[in-house]
Amino acid sequence: MTENNLSQAMIPEGAEILENPNGTAPGILMEECGRMMVLLPGPPREMKAMFEESVRERIEKKSRACVLSRYYHLTGIGESAAEEALMDLVEGQTNPTLATYCKPDQVLIRVTSSGRNREEAEKFQENYDIIIRQRLGEYLFTESKDTLPEWAGKTLIEEGLTFASAESLTAGMITSTLAEVPGISSVLRGGIVCYENPVKEKVLGVSGETLRRYGAVSEECCREMAVRIRAIMGCDIGVATTGLAGPAGDEGKPVGLVYTGICTKDGVRVEENHFRGTREDIRVRSMNKVFKMFRDYLKERKTV
């Protein structure tokens with residue numbers, strides 16, 4: 001241990017030590033004359049966990065009002081369009097307040113209300129909830145702060161649907177992102193990263209004729225990739241991505257051309273996409289498009 005670590009053991013007399021499950025620096029909580037002071041370490045992964053586990057509930061108990069937030073996570077619509085659909089609420093907001101946040105291929109709407117208790121705070125939100133569902137319900141995928149991949153992972157677990165991916169330009173991003181969701185091992189069968197054509201053909205089983213005739217970046221290739229990965233892994237959902245993330249195009253095809261596919265017991269669907277942005281932007285959008293196709297599949301299955 002280095003000498004400067006000793007400063008972490010300096011605690012004001014009478015203060016309460018807050019456990020840090022993700023680091024060595026403890027938190028400190030002090031109360032004096034009806035006031036509370038909380039000191040937490042700066043790294044977000046430490047600070048956020050400590051706040052949720054040791055601080056939030058104490059602050060809420062001391063509050064004379066109940067502040068309540070409800071979240072609506074959308075995909076398939078941009079932030080500007082979502083805001084425009086709710087502009088009358090935005091311009092006239094008092095209690096509750098409404099805010100929109102843009103994320104890659106996702107929009108988060110936060111509605112926050114305050115009341116003397118939880119029941120009153122919820123009542124203030126009722127009208128907003130009805131309007132948001134009426135105007136933007138077709139784009140809604142979760143009422144939480146979960147990102148699209150987090151929602152997809154949790155939904156796969158809840159529905160008991162096994163999953164596997166065949167990835168070219170995303171190079172394992174889909175499976176590695178899902179792997180961050182606790183409990184995903186119960187449904188995530190695995191994946192094949194098939195950047196080169198010989199891997200697509202010899203490992204995944206894509207037809208050599210398909211690759212020669214249409215190329216790796218094609219609807220036909222993506223279709224076979226999705227079908228083959230589902231068959232190889234013996235899973236409920238097989239997905240595939242193939243495309244060009246840049247910086248240069250190939251096969252006479254432009255950067256940003258991406259095919260995403262999903263194969264289920266009900267058949268296979270492939271979509272052609274034209275993404276803009278950096279290499280990383282295109283890869284992330286390709287991943288998110290796969291999860292959006294999964295969301296669309298679930299909606300269709302539940303309406304049949």
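Name the strands (runs of 3 or more DSSP E) wholly inside the range 223-304 in which the number of residues that are more than 15 Å from Ile192 (Cα to Cα) is 3 or more.
Passing ranges, in order: 257-264, 267-274.
Please go through (1) in a strand (DSSP E or B); (2) out of contact with any Pro (no Cβ under 8 Å at 6 or more places or on another chain); (3) of a type in the set (Val, Ile, Thr) for Val55 and return the number of the only condition it doesn't satisfy.
(1)
Among the residues of the range 60-76, is there at least one that is without any contact (Cβ under 8 Å) to a residue 24 or more places away in the chain, charged (D, E, K, R) and closer than 30 Å to Leu148 by Cα?
Checked the range 60-76: at least one residue is without any contact (Cβ under 8 Å) to a residue 24 or more places away in the chain, charged (D, E, K, R) and closer than 30 Å to Leu148 by Cα.
Would you say Glu53 is surrounded by 12 or more Cβ atoms within 10 Å (Cβ to Cβ) and in contact with a strand residue (DSSP E or B) (Cβ under 6 Å, 6 or more places away or on another chain)? Talk me through it step by step, then tell me what you get.
On the way: surrounded by 12 or more Cβ atoms within 10 Å (Cβ to Cβ): yes; in contact with a strand residue (DSSP E or B) (Cβ under 6 Å, 6 or more places away or on another chain): no.
So Glu53 fails the test.
Conditions tested, residue by residue: (1) surrounded by 14 or more Cβ atoms within 10 Å (Cβ to Cβ); (2) at pLDDT 90 or above.
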| residue | (1), (2) |
| --- | --- |
| Gly92 | no, no |
| Asn117 | no, no |
| Glu126 | no, yes |
| Leu169 | yes, yes |
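Tell me yes or no: at least one residue of the range 147-165 is among the basic types (Lys, Arg) and assigned to a helix (DSSP H, G or I).
Scanning the range 147-165 turns up at least one residue that is among the basic types (Lys, Arg) and assigned to a helix (DSSP H, G or I).
For Val111, which of the numbered conditions (1) hydrophobic (A, V, I, L, M, F, W, C); (2) outside any strand (DSSP E or B); (3) touching a residue at least 40 places away in the same chain (Cβ under 8 Å) fails to hold?
(2)
When the residues of the range 171-216 are filtered to those that are crowded, with 21+ Cβ neighbours inside 10 Å and outside any helix (DSSP H, G or I), which remaining residue is farthest from the chain's Cα centre (by Cα)?
Out of the qualifying residues, it is Val206.
The values are calculated or read from the model by the stated rules, or taken from the named source; none is laboratory data. Remember, it's a predicted structure, so these values are computed and weren't measured experimentally. Ideal geometry is used to build each Cβ from the backbone, glycine not excepted, and the neighbour counts take in all protein chains shown.
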